[in-house]
Amino acid sequence: MSTRPSLPGAKHTGGSSVRIGALVPLTRPGWVAAGRHLLAGLELAVREVNDAGGIAGRPLELMVRDTAADPQRAVAAVDELARLGVAALAGEYHSVVARAAAGRADALGLPFLCSSAVLDALTEQPTEWVARLSPPQSRGWQVYADFLLGAGHSRIAVAAQPSVYWASGARILRDHLAPRGGTVVELDMGALTPAAVCDELVHNRATALLLLVGIPEPAVSIVKAVRRDRRLAEIMIGAPAGQPEFAEWATLLGDDGAAIPFLRYLPERLGPLGARVETALRERLAEAPSFVAFEGYDTVAVLADVLRSHGADRPRTAESWPRVAVEGTRGQIRFSRTPGISVWQWARTPIQVVDRDPAEPDRFRILRSG
């Protein structure tokens with residue numbers, strides 16, 4: 001674990017820094033590409049805050065900790081950052097890791113603005129300490145289920161690895177599709193090879209296969225096996241968790257990675273702020289920014305607004321969630337209580353189902369908005 005130096009722009013401010021702890025997956029088995037984009041958004045926003053004078057003249061400092069997709073490592077990082085006096089926590093991509101961090105932050109009385117994790121049950125009990133920018137999994141995956149039905153798919157197979165997150169996704173799909181005539185068959189990737197998955201798809205007469213698995217493996221091997229099986233020429237492959245969002249997907253799969261619909265959290269058109277941030281993120285990342293990078297930027301934008309208004313007092317930060325009204329890169333951010341969700345939730349996060357265009361794999365096609 002390391003503390004990154006304060007970013008350019010801090011020289012324009014004075015006094016001791018206001019610290020934000022950032023939880024980010026930067027090494028395997030974490031999804032490193034997602035972590036890199038999340039961190040790029042966080043860092044860009046911190047730099048802009050400092051260029052504009054910081055927090056009441058004090059520089060904003062990001063203290064980054066690599067969670068490596070490990071819940072225990074995340075909990076240890078929360079404990080350390082709390083001892084170091086951070087005003088709040090930000091970040092995390094992996095839902096199971098974010099859940100562990102949120103539970104610990106709640107126990108310590110440390111405000112946590114979760115950037116990207118979608119698991120509905122982010123904490124076991126309702127909490128005032130945690131807020132979230134990304135939509136709850138139930139909302140996003142129901143939009144995806146409606147997309148499947150609209151595209152004519154009612155016999156759906158899911159290739160799933162053991163995980164609370166994947167199990168929750170499969171349950172959401174099943175519960176939403178069953179009353180509408182859809183069926184979901186689960187294929188256990190702890191027991192099946194990619195070739196056996198192909199046989200199961202044929203046997204079950206599935207018209208769609210959803211990848212509820214990690215990247216690069218077994219996702220890449222499953223896609224290649226299905227694409228090369230002539231019996232499955234008409235099957236649709238989907239990845240609701242967003243694996244095709246990152247350049248790594250296109251690099252690993254080439255043309256095979258196109259036409260695989262996934263969820264992302266962007267509006268159909270970015271406003272002036274979003275367009276400006278997109279340009280800056282593209283320069284920082286040397287590639288097109290994913291929605292995760294925008295989530296990182298918006299996280300700091302919200303926390304900076306709260307810290308300017310209430311200082312670095314932890315209880316006052318937590319009390320401020322319902323009063324937040326911040327223009328983010330993807331729309332105005334406000335938090336409210338959502339039935340069945342235990343944290344303060346941005347209820348109007350934009351949701352899209354998109355895929356990579358087979359004719360131009362670096363271009364995304366919007367298939368549905370929710």
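The values are calculated or read from the model by the stated rules, or taken from the named source; none is laboratory data. This one's a predicted model, so the numbers in the text were calculated from it and none came from an experiment. In this analysis, Cβ positions are derived from the backbone assuming ideal geometry, glycine residues included, and neighbour counts consider all displayed protein chains. Heavy atoms of the whole protein, side chains included, go into the accessibility calculation; ligands, DNA and RNA do not. Shrake-Rupley method; radii C 1.70, N 1.55, O 1.52, S 1.80 Å.
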**Prompt:** How many residues, within segment 254-278, are of a type in the set (A, V, I, L, M, F, W, C), open to solvent by less than 10 Å² (accessible area, probe 1.4 Å) and over 25 Å from ARG348 (Cβ atoms)?
**Reply:** 2
**Request:** Inspect all residues belonging to segment 180-192 and state whether any of them is closer than 30 Å to ARG282 by Cβ, of a type outside the set (S, T, N, Q) and open to solvent by less than 40 Å² (accessible area, probe 1.4 Å).
**Result:** no
**Request:** Out of the residues in segment 281-313 that are open to solvent by 30 Å² or more (accessible area, probe 1.4 Å) and not in a loop (DSSP other than H, G, I, E, B), state the one that is farthest from PRO358 (Cα to Cα).
**Result:** HIS310
**Complete:** With the first residue restricted to segment 248-271 and required to be at negative phi, and the second required to be surrounded by fewer than 16 Cβ atoms within 10 Å (Cβ to Cβ) and among the β-branched types (Val, Ile, Thr), Cβ contacts under 8 Å at 6 or more apart or on different chains are GLU268/ILE366
**Message:** Given the condition part of a loop (DSSP other than H, G, I, E, B) and in contact with a strand residue (DSSP E or B) (Cβ under 6 Å, 6 or more places away or on another chain), answer yes or no: does some residue in segment 32-52 qualify?
**Reply:** no
**Asked** So ALA312 fits all but one of (1) at pLDDT 95 or above; (2) farther than 22 Å from PRO135 by Cα; what number is the exception?
**Response** (1)
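Going by the structure shown, is VAL220 within 27 Å of the chain's Cα centre (by Cα), under 20 Å from GLN137 (Cβ atoms) and either open to solvent by 30 Å² or more (accessible area, probe 1.4 Å) or modelled with pLDDT of 95 or more (or both)?
The answer is no for VAL220.
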**Request:** Kindly provide the set of residues from segment 325-336 that are without any contact (Cβ under 8 Å) to a residue 24 or more places away in the chain and assigned to a loop (DSSP other than H, G, I, E, B), ordered by number.
**Result:** ALA325, ARG334
**Prompt:** Residues of segment 85-115 being closer than 20 Å to VAL306 by Cα, part of a loop (DSSP other than H, G, I, E, B) and open to solvent by 10 Å² or more (accessible area, probe 1.4 Å), which ones?
**Reply:** GLY85, GLY109
**Residue selected from segment 143-177 under the condition open to solvent by 60 Å² or more (accessible area, probe 1.4 Å) and part of a helix (DSSP H, G or I), by the criterion nearest to PRO218 (Cα to Cα)** = VAL164
**Complete:** Residue set ARG348, ARG316; condition assigned to a helix (DSSP H, G or I) and either surrounded by fewer than 18 Cβ atoms within 10 Å (Cβ to Cβ) or among the β-branched types (Val, Ile, Thr) (or both); output residue ARG316
